[in-house]
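Contents: one structure, followed by commentary.
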Amino acid sequence: MDHIRNFCIIAHIDHGKSTLADRLLEYTKTIQITEGQMLDDMDLERERGITIKSHAIQMEYTSDNTKYILNLIDTPGHVDFSYEVSRSIAACEGALLVVDATQGVQAQTISNLYMAIDHDLEIIPVINKIDMPNAMPDEVEDEIVDLIGCDSSEIIRASAKTGEGIPEILEAIVKRIPEPKGDPKAPLQALIFDSIFNSFRGIITLCKVVNGSISKGDKVKFVQTGQEYTADEVGVLKMDMIPCPKLGTGEVGYIISGIKDATEVKVGDTITHVDTPCKEAIEGFQEVKPMVFAGVYPIDPNDYENLRTSLEKLQLNDASLTFQPESSQALGFGFRCGFLGLLHMEIVQERLDREFNMDVITTVPNVSYKVYDKHGNCKEVHNPSGLPDVTAIDHIEEPYIRASIITSSRFIGPIMKLCLDKRGELVSQNYVSGDRLELIFLMPLGEIVIDFYDKLKSISKGYASFDYHIDSFRPSKLAKLDILLNGEPVDALSTLTHESNAVALGRRMCEKLKELIPRQQFDIAIQAAIGAKIVARETVKQVRKDVTAKCYGGDISRKRKLLEKQKRGKKRMKQIGNVQVPQKAFLAVLKLD
Ligand code: GDP
Ligand code: MG
């Protein structure tokens with residue numbers, strides 16, 4: 001136990017986390033970089049190594065003739081996954097705080113840093129990229145001293161590119177980070193911090209043994225789910241899974257127990273023995289519930305079953321994704337998917353496109369609402385079109401978040417305005433370090449889901465960290481805004497919005513849709529309605545244009561190209577009634593200015 005060091009790397013994106021991790025793996029000979037020597041049939045092996053590396057990896061390192069086991073635990077890089085980050089941090093005793101010497105401390109690092117400090121992790125500050133000609137290590141050093149109140153002598157200057165500073169970092173890991181604490185004789189308590197889907201072995205649970213130990217063949221129980229399993233295999237993660245007879249206190253490794261369904265392995269859950277269970281679960285567990293929902297529809301209705309299979313496959317290694325069938329008058333058959341947040345939604349969309357080649361339309365995202373009827377019954381609604389008739393509704397509650405924004409004082413004005421416009425209430429305002437401030441707001445999650453990140457980023461020039469967690473459900477005066485095309489309501493374009501914003505939003509949506517819907521053979525009326533009341537109207541004028549006309553009848557191949565181009569353009573259109581609506585129109589509401 002005294003030779004184990006568990007650590008993670010906290011860094012802003014692009015500051016060099018992955019490159020530095022590779023240098024550490026190389027220096028400790030965990031991987032050998034032999035460029036050009038990799039054989040083709042090694043590809044699979046190599047890929048497997050990458051999967052493991054991106055979750056947790058073990059290194060061996062010798063200092064003063066003592067052999068140490070170093071476990072590097074990866075932390076996911078963005079706000080929707082902050083709960084997962086908190087569990088990875090909870091599994092560590094130390095963290096490398098990596099700051100780019102050309103960029104300085106970036107705000108997004110700060111919330112993870114605070115999380116690490118909250119969990120009493122030993123922080124090793126590292127200034128990376130000192131090889132760059134525009135590096136400013138002295139300035140960055142001052143910033144770090146300001147931020148964490150360390151001595152400047154504790155800060156290591158390094159280059160993950162040239163390898164400078166790597167030996168110092170490894171020495172600091174073994175000398176400064178404490179060994180894991182824990183009682184080897186206590187009942188087993190292992191913290192689940194991640195899981196990997198493997199097509200041969202099922203779901204592989206990654207955990208840190210906090211107390212006691214777990215051996216191959218043990219009967220174990222996952223406390224939160226109450227499920228019992230046999231630990232068919234336990235082991236540690238190097239570039240491959242290395243089975244071993246037992247994982248002792250403080251060790252990090254994996255357990256294979258025949259689990260097929262990713263949802264059974266909950267990050268933050270405690271593993272214990274069936275016969276001698278621990279008295280309490282490890283604290284900090286949270287049930288992660290999707291909070292943002294959107295309809296996902298195949299462009300080609302024949303792809304419906306393919307889409308279902310793709311979503312099922314995605315769910316295997318992304319337990320926080322949920323989906324259930326739904327149908328829309330406008331879009332046909334599809335699924336209502338639940339996501340942790342907007343960025344999670346983008347990741348899923350990207351993967352459907354890249355890994356599964358699925359052409360889909362995603363509707364405007366919305367949050368989960370609690371709708372109360374006059375008798376006090378509550379119904380959760382995940383889709384504006386699922387809202388009961390107004391007359392049947394007593395009141396609606398929407399989720400509020402507690403948002404923390406850390407930024408430089410010079411951006412406070414515009415950020416305040418943005419948050420207040422988004423119905424935020426300022427809770428507090430505290431100095432962090434230098435001129436850096438933390439603003440705490442209570443805000444409706446629904447306002448974050450639409451057009452918030454981009455605005456925050458642009459008004460703060462990227463220099464604002466944003467972090468949130470769900471606070472509570474609160475009553476809100478919400479209105480359902482419908483969009484009609486030639487008199488037909490398009491359910492996929494309906495949104496729920498605060499009463500005070502509804503008319504303005506309706507107007508902007510009509511204007512935006514007018515820009516996005518191409519002229520067709522007839523006039524198209526675009527209307528916004530709240531209940532039976534039309535609040536805005538635009539018209540797309542008819543056109544009767546022969547696209548091939550400008551080819552002067554001459555060049556056949558050019559003509560054909562043009563027609564093909566037009567056909568491809570059509571594929572991204574959806575027929576609604578008699579109107580062709582381009583895919584991007586369904587997300588129009590996200591891009592309103
Ligand atoms: P991550 O997003 O934190 O994982 O960052 P990466 O490790 O992917 O690095 C981002 C970019 O910075 C890559 O192009 C790296 O090659 C480059 N980089 C990382 N460390 C150094 C360094 O010490 N010096 C220089 N010159 N470039 C570096
Ligand atoms: Mg990276």
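Specify the inter-centroid distance of segment 226-255 and segment 418-490, based on alpha-carbon positions, in whole Å.
Computed from Cα coordinates, the inter-centre distance equals 42 Å.
Find how much the distance from residue 232 to residue 152 grows on full extension, using 0.36 nm per residue of separation minus their present alpha carbon separation; answer in nm with one decimal. List each step's numbers first, then the result.
Numbers: separation 80, 0.36 × 80 = 28.80 nm, distance 4.83 nm.
Working it through step by step, the gained length comes to 24.0 nm.
Count the net charge of all other residues whose Cβ sits under 14 Å from the Cβ of residue 262, scoring Lys and Arg as +1 and Asp and Glu as -1.
Counting the neighbours of residue 262, the net charge comes to -3.
Can you tally the lysine pairs in segment 4-176 where the Cα-Cα distance is under 15 Å and the two residues are eight or more apart, or on different chains?
7
Measure off 7 Å from each Cα along the Cα-to-Cβ vector at residue 380 and residue 578, then give the distance between these two points in nanometres to one decimal.
That separation, rounded to one decimal, is 4.3 nm.
For segment 97-195, go through all pairs of different Cα atoms, get the mean of 1/r, take its inverse, and jot down that Kirkwood value in Å. Before the final figure, lay out each step's value.
Numbers: mean 1/r = 0.0660 Å⁻¹.
That comes to 15.1 Å for segment 97-195.
Just need the relative contact order of segment 189-273 here, percent rounded to a whole number, with Cα pairs under 8 Å and 6+ apart.
It comes to 40 percent, rounded to a whole number.
What's the extension gain from residue 391 to residue 533 if we count 0.36 nm per residue and subtract their Cα-Cα distance? Walk me through the numbers on the way to the answer.
Values: separation 142, 0.36 × 142 = 51.12 nm, distance 1.54 nm.
Gain in length upon complete extension: 49.6 nm.
Counting only C-alpha contacts under 8 Å and six or more residues apart, can you give the relative contact order of segment 292-365 as a whole percent?
Result for segment 292-365 is 48 percent.
Which Cα, out of 385, 409, 452, lies furthest along the positive dipole direction of segment 370-476 (beta carbon charges, K/R +1, D/E -1)?
My answer, from the dipole projection, is 409.
Output needed: percent of Cα pairs per 10 Å distance bin for the chain, bins running from 0 to the one holding the longest distance.
Distribution as computed: 3, 14, 22, 23, 19, 12, 5, 1, 0 percent.
Would you please state which residues of segment 473-511 a label at residue 522 would reach in this model, taking the label point 7 Å out along Cα→Cβ and a backbone N cut-off of under 18 Å?
It comes to 484-490, nothing else.
Compute the relative contact order of the chain as a whole-number percentage, counting only Cα pairs closer than 8 Å that sit 6 or more residues apart in sequence.
Result for the chain is 10 percent.
Considering the options 250, 91, 418, tell which one lies farthest towards the positive end of the dipole of the chain, charges being +1 on Lys and Arg and -1 on Asp and Glu at the Cβ, about the Cα centre.
418
As a quick test, which of the pairs 514/584; 185/219; 221/260; 266/379 have an alpha carbon distance above 19 angstrom in this structure?
Going by Cα-Cα distance, 266/379 fall outside the 19 Å limit.
Rank these for me by crowding, 17, 129, 514, going from fewest to most other beta carbons within 10 Å. Write out the running numbers ahead of the final one.
Numbers: 17 21, 129 26, 514 16.
The order, fewest Cβ neighbours first, is 514, 17, 129.
At most 14 other C-beta atoms within 10 Å and a DSSP loop state: those are the exposed chymotrypsin sites (Phe, Trp or Tyr not before Pro) I care about. Give me the longest piece of the chain that has none.
Longest stretch, sites excluded: 201-521.
Calculated from DSSP H runs of 4 or more alone, at -39500 (n - 2.57) each and per residue, what is the 222 nm mean residue ellipticity of the chain, nearest 500? All intermediate terms of the calculation are to be shown ahead of the outcome.
Working: 13 runs with 148 residues, N = 593.
Per the formula, -7500 deg cm²/dmol.
How big is the dipole moment of the chain about its Cα centre under a simple scheme where the beta carbon of each Lys and Arg is +1, that of each Asp and Glu is -1, and everything else is neutral? Debye, nearest 20, please.
3040
Provide Rg over Rh for segment 4-176; use the alpha carbon set for both Rg and the Kirkwood Rh (inverse mean inverse pair distance).
0.96
Exposure proxy check: 270, 309 ranked by fewest other beta carbons within 10 Å?
309, 270
Report, ordered by chain and residue number, the aspartates and glutamates lying within cross-link reach of residue 457, taken as a straight Cα distance under 15 Å and ignoring same-chain residues fewer than 8 apart.
In chain and number order, the partners are 467, 593.
I need the calculated FRET efficiency for the pair residue 275 and residue 356, taking r as the beta carbon distance and R₀ as 41 Å, to the nearest 0.05.
0.40
I'm a student and want to see the number: the projected area of the Cα convex hull of segment 292-365, averaged over all directions, in nm².
Working: hull surface 16.7 nm².
Result: a mean projected hull area of 4.2 nm².
Each reported figure results from applying straightforward, stated rules to the coordinates on display, with no laboratory input. Worth saying up front: this structure is predicted, and the values here are computed from it rather than measured. Note: ideal-geometry Cβ built from the backbone for every residue, glycine included; neighbour counts use all protein chains shown.
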